[in-house]
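To keep things clear, I will list the structure first and then write my remarks on it.
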Amino acid sequence: MSTAQQVPDILSPEFAADPYPAYRVMRESAPLIWHEATQSYIVSRYEDVERVFKDKAGQFTTDNYDWQLEPVHGKTILQLSGREHAVRRALVAPAFRGADLQEKFLPVIERNSRELIDAFRHTGSADLVSDYATRFPVNVIADMLGLDKADHDRFHRWYTAVIAFLGNLSGDPEVTAAGERTRAEFAEYMLPIIRERRDRLGDDLLSTLCAAEVDGVKMSDEDIKAFCSLLLAAGGETTDKAIASIFVNLLLNPEQLAAVREDRSLIARAFAETLRFTPPVQMIMRQSAAEVELTGGTVPAGATVTCLIGAANRDGDRYRDPDRFDIFRDDLTTTTAFSAAADHLAFALGRHFCVGALLAKAEVEIGVNQLLDAMPDARLAEGYDPVEQGVFTRGPQSVPVRFTPAAA
């Protein structure tokens with residue numbers, strides 16, 4: 001097994017600036033690393049990360065979320081297993097697919113996207129991160145839950161603190177304290193709303209969660225609060241970064257942007273390739289339930305395993321020319337890219353595959369469509385060089401664009 005000294009450390013400034021060269025070194029010469037600072041085993045090859053996520057042999061658990069998620073969210077569905085997990089997932093999943101998604105929430109997504117674009121569509125310039133991407137998914141989730149969008153800034157502050165807590169690999173005590181404070185603040189805000197909603201059910205997602213029942217089991221107030229907290233953080237941060245990244249990837253590849261503008265059915269391909277090429281979530285942890293052999297050595301039972309999605313998704317043994325953004329590649333299946341049968345790893349795989357994948361797809365397709373309509377000749381602002389930030393989650397810090405305003 002390799003040691004962390006042989007490759008750029010995942011906590012180093014060099015890695016934060018650009019992790020992809022380090023990922024290549026890991027895959028090629030250090031596919032299994034013991035990382036002292038995070039007390040975890042790091043895996044980087046596609047076949048190993050896929051195996052951990054699919055976990056057909058029952059060798060990996062999400063017990064790591066007891067310390068990684070619970071301090072900020074409370075106990076979430078991600079920590080559950082077996083029947084308890086299956087029942088909870090059955091309670092929440094219908095809201096994120098099929099008729100509910102199509103009939104209830106597509107109009108919500110369309111309206112929220114249009115409202116944000118209306119603020120800049122006639123100006124000829126925008127920052128796609130601050131003016132759109134950071135606000136869009138949080139507004140959608142608040143609207144879906146029937147919460148007051150006037151509280152947007154509070155939601156954004158909470159989910160930023162939560163994501164910082166999850167990515168606090170170096171153990172900064174201030175980040176830890178802010179994350180724990182957020183749990184208390186969110187509970188104080190959310191629990192009275194949940195109790196009130198139980199008494200007066202409406203047509204929103206929060207009412208659906210309050211009323212949902214499977215085999216006589218309903219979600220408790222605490223269950224619902226934890227799920228809403230998870231939804232705001234996971235749904236906000238990832239879709240935010242995905243939309244910004246799609247535009248950067250397309251703007252840097254003008255011929256592909258032209259193809260997408262001409263044929264909007266290619267947006268799904270552009271999203272799937274962005275999830276592979278620049279995944280918003282760069283790493284996900286699991287815990288070994290037994291001693292496991294992976295490429296490069298043995299992981300003991302009870303160990304934390306850090307799965308590098310950003311590395312695995314650029315594995316040359318899985319993808320041809322992996323460091324090239326190509327929406328037309330034939331080794332990435334778009335039709336399954338937003339299901340548990342995906343062949344990229346950005347949503348994880350197996351029983352803990354992202355429950356919000358189809359919601360994210362709907363948001364991205366609607367958002368990108370509307371942005372392309374509003375910005376027919378969008379181009380990066382002169383002199384701007386896209387800079388990604390983040391280690392646990394990663395995306396462009398800003399995306400200033402210029403365009404000829406569409407006719408009113």
- Note on the structure: FRET efficiency for residue 151 and residue 339 from the Cβ-Cβ distance with R0 = 25 Å, rounded to 0.05, comes out at 0.15
- Message: Considering only protein heavy atoms and a probe of 1.4 Å, how much of the accessible area of region 320-408 is carbon and sulfur, as a whole percent?
- Response: 53
- Packing rank of 127-138, 217-228, 154-165, 188-199, where each peptide gets the mean count of other beta carbons within 10 Å, highest leading: 127-138, 154-165, 217-228, 188-199
- Say each of residue 384 and residue 12 gets a label point 7 Å from the Cα, pointing the same way as Cα to Cβ; how far apart are those two points in nm? 3.1
- How much length is gained on full extension from residue 290 to residue 106, taking 0.36 nm per residue of separation minus their Cα-Cα distance? 61.9 nm
- Message: Using a probe radius of 1.4 Å on heavy atoms only, what accessible surface per residue do you get for the chain? Whole Å² is fine.
- Response: 40
- Message: Could you work out what % of the accessible surface of region 200-271 is carbon and sulfur, using a 1.4 angstrom probe and leaving DNA, RNA and ligands out of the count?
- Response: 51
- Item | Helix runs (DSSP H) in the chain reaching 30 Å along axis by Cα, Kyte-Doolittle at least 0.5 | 221-251
- Summed over the other residues with a beta carbon less than 12 angstrom from that of residue 269, with K and R at +1 and D and E at -1, the charge totals -1
- Message: I'd like the distance separating the alpha-carbon centroids of region 12-35 and region 335-408, in whole Å.
- Response: 25
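The values are calculated or read from the model by the stated rules, or taken from the named source; none is laboratory data. Just so we're clear, the structure is a prediction, and the values are computed from it rather than from any experiment. A quick note on method: Cβ atoms are made from the backbone with ideal geometry, for glycine too, and the neighbour counts reach across all protein chains shown. All accessible areas refer to the heavy atoms of the entire protein, side chains included, with ligands and DNA or RNA removed. Shrake-Rupley method; radii C 1.70, N 1.55, O 1.52, S 1.80 Å.
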